[in-house]
Amino acid sequence: MAKMWHIKSAKRGIAASYFTLGVILSTGEGVIDKTPDFAGALKMFELGAAAGNVESMYNAGMYYLEGKGVKKNAEMAVEYLVLAASQKFPIALLTLGKLFIEGAEVNRDLKRGRNYLAIAKECGGADGFIGKQADMVLDKYKHLEQTQCIIM
């Protein structure tokens, strides 16, 4: 019954309903055999993101980053995560900070990564989960400095 309500709400343009439908599909609740439908969930997250739902933006980004329901695509992941980060969504800011500092999925950019982590701490609370995670990343990679070496 709840799924039907969210479908009707989504058709009326209620952005949060796309997010909820995506969650339902990702857990298998909306499928007869209870198998998660990651591709369907991603479609709902993308529709929710287009309608302005920040949680949908973040989830779409993570699906692209992890290759859930779609081929892994770090560029698309960053695009969606930046959308969520532009709305000061702390976990998106943290994720982007980690991505740019670690440099595994995207080109390493320490300055950009540190900037995202600083904003994540500001938005998510320096003493909370986000702040502690940001500090752990910064501490782990503190040996990396953007220096200019002169080779003689």
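Quick notes
- In segment 89-116, the residues that are of a type in the set (Gly, Ala, Ser) reach residues that are open to solvent by 80 Å² or more (accessible area, probe 1.4 Å) with C-beta atoms within less than 8 angstrom, at least six apart or across chains, in these pairs: 97/114; 97/115.
- Residues of segment 37-61 classified as open to solvent by 30 Å² or more (accessible area, probe 1.4 Å) and either under 17 Å from residue 83 (Cβ atoms) or modelled with pLDDT of 95 or more (or both), total: 12
- Subset of segment 20-36 (residues that are farther than 17 Å from residue 83 by Cβ and crowded, with 20+ Cβ neighbours inside 10 Å): 20, 21, 24, 25, 26, 30
- Every condition in (1) touching a helix residue (DSSP H, G or I) at 6+ places or on another chain (Cβ under 7 Å); (2) assigned to a loop (DSSP other than H, G, I, E, B); (3) among the aliphatic types (A, V, I, L, M) is met by residue 32 except one, and the failing one is (1).
- Hits in segment 102-120 - residues which are open to solvent by less than 50 Å² (accessible area, probe 1.4 Å) and in a helix (DSSP H, G or I): 110, 113, 116, 117, 119, 120
The values are calculated or read from the model by the stated rules, or taken from the named source; none is laboratory data. In this text the structure is predicted, and so the values were computed from the model without any measurement. Neighbour counts are summed over all protein chains in view; Cβ atoms, including those assigned to glycine, are modelled from backbone coordinates with ideal geometry. Side chains included, ligands, DNA and RNA excluded: accessible areas come from the protein's heavy atoms. Shrake-Rupley method; radii C 1.70, N 1.55, O 1.52, S 1.80 Å.
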